Amino acid sequence: MSATAILVLIINAILVNNFILSRFLGICPFLGVSKKIDTALGMGFAVIFVMGVASVITYALNLLLIKANILYLQTIIFILVIASLIQLVEIIIRRFSPGLYAALGVYLPLITTNCAVLGVAIMNVTLPVPSVGSGLLVAFINGISSGIGFTIAILILAGIREKLQTADIPKIFQGFPITLLIASIMAMGFAAFSGFNIG
Amino acid sequence: MKNNKKLTANEIVSPLKDGIIKNNPVFRLVLGTCPTLAVTTSAINGLSMGLAVTFVLTCANIIVSMLRNFIPRKVRIPCYILIISTFSTVVDMVMKKFIPSLHDSLGLFIPLIVVNCVLLARAEGFASLNRVLPSAMDGIGIGLGFTLALTLIGIVREFFGAGAIFGYSIEALSRAELPMTIFILPAGGFMVFGLLIVAFNLVVDKANGYFAKKKAAKKTMPAENQINIEGEEVVL
């Protein structure tokens, strides 16, 4: 696998097919945890980490599932692995970094129902990236860079929403509606990247 | 914890009704937003996704409710996820076998029903606290509310984005340069969703205010708490 192919994979996952703004995965935390830049950043890092590790583990597990010919258990196994992985991450963070745990505490269990994690796990095994094929390394890079894409999107939104707190918004538009309209404008911006047509 | 009291009709019917309007999962609770945005490029996709979720939600609610006294509190979330993923696998397999074209167009989002927050929220917030029949009704109600919302978003996006309704293209629209591709693109999805939340809340608040006024006139009693969105509704 050449360096160019890896670069294409990374740019593709971060910008062109941004998880939130073009694939619609992980919208719940995107809307729910984007009120402040700090928490958005914490959530972003947690997602990057979990997505990277989950990609590798689920990809390897999928090979076992194929070997044992029980592919129909894929969804169940993946979600259980992801849920226990998140539990593990929570325990580790609580032990070694209480500060980070206090900041992430609430959001970590939420990642279980973040469809981005299960989404990237399933995509890794069902939709191989055309130019680089599939493999453990590809799955890992795809997971990490998809997580970075998620973090970028949620950070931008959090930045805008912090500014928005002082704005005078009609009552009926407050909360989710205005956030969705901002996301819409962001998605228009990211749609421009689809013209890249690389790889 | 055992409760053998007979269920009143209201306890059975009200979860069904609440699920569609008052607790509409998409417009009111804003849960399960990923499939809401991703599959609603056409009305038929939204409708079928909604029905698939309704099925999974109703079955999962029934099982969770049956097992609510047996599942230890500490491991309840993995248990719920296991139950939900079982049913979503069933939907996945049935759809792949009998309606492969639909399975292809919904794609990734069929297995992703597992992580739809609506399901976990109802298992945790309703089914684990209530008896089987109300839980089943809640599943159907919330499911129908979800279906309604997805179909509505699908209709709007398909109408403006492809100039068609449920796959039937409209001649006049295509002449009027209507197909505005942006509505099919992600940006349009966010926009339509945001505006429909506003429209839905506007209509429901107006209707609630109207009914509350009517009732107050009838009973000559103040009824402010009936238009409270978040709080519990006064028993009708």
(message) Quick one: 3J(HN,Hα) in Hz for region B:149-154, Karplus 6.51/-1.76/1.60 with θ = phi - 60°, rounded, Gly and Pro as x.
(response) 5, 5, 5, 4, 4, x
(request) Could you run the Karplus curve 6.51 cos²θ - 1.76 cosθ + 1.60 with θ = phi - 60° over region B:29-43 and give me ³J(HN,Hα) per residue in whole Hz, x for Gly and Pro? (result) 7, 6, 10, x, 6, 5, x, 3, 7, 7, 9, 8, 6, 9, 4
(request) Report the relative contact order of chain B, percent, no decimals, based on alpha-carbon pairs under 8 angstrom and at least 6 residues apart. (result) 30 percent
(message) Give me A:115, A:28, B:79 sorted ascending by neighbouring Cβ count inside 10 Å, so fewest comes first.
(response) B:79, A:28, A:115
(request) Could you tell me which of B:152, B:127, B:81 has its Cα farthest along the dipole of chain B towards the positive end, charges placed at Cβ (Lys, Arg +1; Asp, Glu -1), taken about the Cα centre? (result) B:127
(request) Work out the length of the dipole vector of the protein assembly as shown about its Cα centre, built from +1 on the beta-carbon of each Lys and Arg and -1 on the beta-carbon of each Asp and Glu, and round it to the nearest 20 debye. (result) 1180 debye
(message) How would B:58, A:126, A:58, B:86 line up from fewest to most surrounding beta-carbon atoms within 10 angstrom?
(response) A:126, B:86, B:58, A:58
(request) Would you work out the charge dipole size for region B:1-148 about its Cα centre, treating the Cβ of every Lys and Arg as +1 and the Cβ of every Asp and Glu as -1, and quote it to the nearest 20 debye? (result) 600 debye
(message) For peptide A:187-195, what's the mean number of Cβ atoms from other chains within 10 Å of each residue's Cβ?
(response) 3
(request) May I ask you to derive the relative contact order of region A:23-121, considering only C-alpha pairs under 8 Å and at least 6 residues apart, and to give it as an integer percent? (result) 44 percent
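When a/c reaches 1.5 or more, the comparison of a/b and b/c decides; with that in mind, is chain A rounded, prolate or oblate per its Cα gyration tensor?
oblate
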(request) Note down the relative contact order for region A:27-193 as a percent, whole number, built from C-alpha pairs under 8 angstrom at least six residues apart. (result) 41 percent
(request) Given a cut-off of 25 Å, name the pairs among A:36/B:74; B:22/B:218; A:36/A:171; A:163/B:22; B:6/B:218 whose C-alpha atoms lie farther apart than that in the structure shown. (result) A:36/B:74; A:163/B:22; B:6/B:218
(request) Mind giving me the FRET efficiency for residue B:170 and residue B:66? R0 is 60 Å, r the Cβ-Cβ distance, nearest 0.05 is fine. (result) 0.80
(message) At a 10 Å Cβ-Cβ cut-off, how would you order A:91, A:37, fewest neighbours first?
(response) A:91, A:37
(request) Could you list which residues have their amide H under 5 Å from that of residue B:165, counting only those 5 or more apart in sequence or on another chain, with H placed in the peptide plane? (result) B:170
(message) In the protein assembly as shown, if the dipole is taken from +1 on Lys/Arg beta carbons and -1 on Asp/Glu beta carbons about the Cα centre, which of A:79, B:109, A:60 is farthest to the positive end?
(response) A:79
(request) Could you calculate the FRET efficiency of residue B:124 with residue A:37 from 1/(1 + (r/R0)^6), where r is the beta carbon distance between them and R0 is 30 Å, rounded to 0.05? (result) 0.55
(request) Have a look at A:85, A:180, A:25 and tell me which one the Gaussian network model of chain A (Cα, springs below 10 Å) gives the largest fluctuation. (result) A:180
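Coordinate-derived values only; no laboratory data. Keep in mind that what you see is a predicted model, and the values were worked out from it rather than measured. Glycine gets a Cβ as well: all are built from the backbone with ideal geometry, and neighbour counts include every protein chain shown.
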